[in-house]
Amino acid sequence: MVAVGDGDLDALPTMFVSRANIGTASLRERKWIASTMTFEEWIIALKAETTWTRFREPVTEFTVHIEENQMAFVRADATVIVDDRVSSHNIDYFTLVREGGAWKSLSAPYVAKPVYPD
């Protein structure tokens with residue numbers, strides 16, 4: 001999440017397994033929009049953006065379940081902050097697998113709900 005927020009897209013491929021996927025459910029204009037894409041499609045879309053808005057996504061609470069020290073399921077409750085203002089509340093779910101002794105993302109879906117100013 002730090003690498004994405006900083007726009008360090010070149011650091012991401014080592015964090016994901018081949019054929020990993022990204023899934024989203026985002027509330028936009030009072031409608032839930034769902035999407036899925038491969039990690040490769042996601043990186044191409046991010047790199048195609050003409051401007052990059054840096055953000056932070058501090059996690060306030062997380063739960064981790066590890067199975068046989070080979071697969072982990074992570075739920076992270078986070079807040080997205082852009083320009084020192086809360087932008088959205090996200091629930092991130094990561095499925096991690098061990099590959100070559102390192103933990104890598106197999107799946108990284110999230111739910112994003114904007115936080116509107118009063």
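The values are calculated or read from the model by the stated rules, or taken from the named source; none is laboratory data. Keep in mind that what you see is a predicted model, and the values were worked out from it rather than measured. With ideal geometry, Cβ positions are generated from the backbone for all residues, glycine too; neighbour counts draw on all protein chains shown.
Laid out as a table, the results:
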{"read-out": "Flag if T60 is closer than 21 Å to G5 by Cβ, among the polar types (S, T, N, Q), under 17 Å from the mean Cα position of the chain (by Cα) and not in a strand (DSSP E or B)", "value": "no"}
{"read-out": "Residue in the range 71-80 that is outside any loop (DSSP other than H, G, I, E, B), acidic (D, E), modelled with pLDDT of 95 or more and under 19 Å from V111 (Cβ atoms) present", "value": "yes"}
{"read-out": "Residue check, Y93 aromatic (F, W, Y) and surrounded by fewer than 17 Cβ atoms within 10 Å (Cβ to Cβ)", "value": "yes"}
{"read-out": "Criterion (surrounded by fewer than 14 Cβ atoms within 10 Å (Cβ to Cβ), in contact with a helix residue (DSSP H, G or I) (Cβ under 6 Å, 6 or more places away or on another chain) and not in a strand (DSSP E or B)) met by exactly one of A45, A3", "value": "A3"}
{"read-out": "Residues (over 18 Å from W103 (Cβ atoms), without any contact (Cβ under 8 Å) to a residue 60 or more places away in the chain and surrounded by 10 or more Cβ atoms within 10 Å (Cβ to Cβ)) located in the range 67-84", "value": "D77, T79, V80, I81, V82"}
{"read-out": "Any hit, the range 25-33, residues being among the hydrophobic types (A, V, I, L, M, F, W, C), over 12 Å from the mean Cα position of the chain (by Cα), in a helix (DSSP H, G or I) and surrounded by 12 or more Cβ atoms within 10 Å (Cβ to Cβ)", "value": "no"}
{"read-out": "Leading residue by the ranking (surrounded by the most Cβ atoms within 10 Å (Cβ to Cβ)) among those in the range 6-24 that are more than 21 Å from H89 (Cα to Cα) and among the hydroxyl-bearing types (S, T, Y)", "value": "S18"}
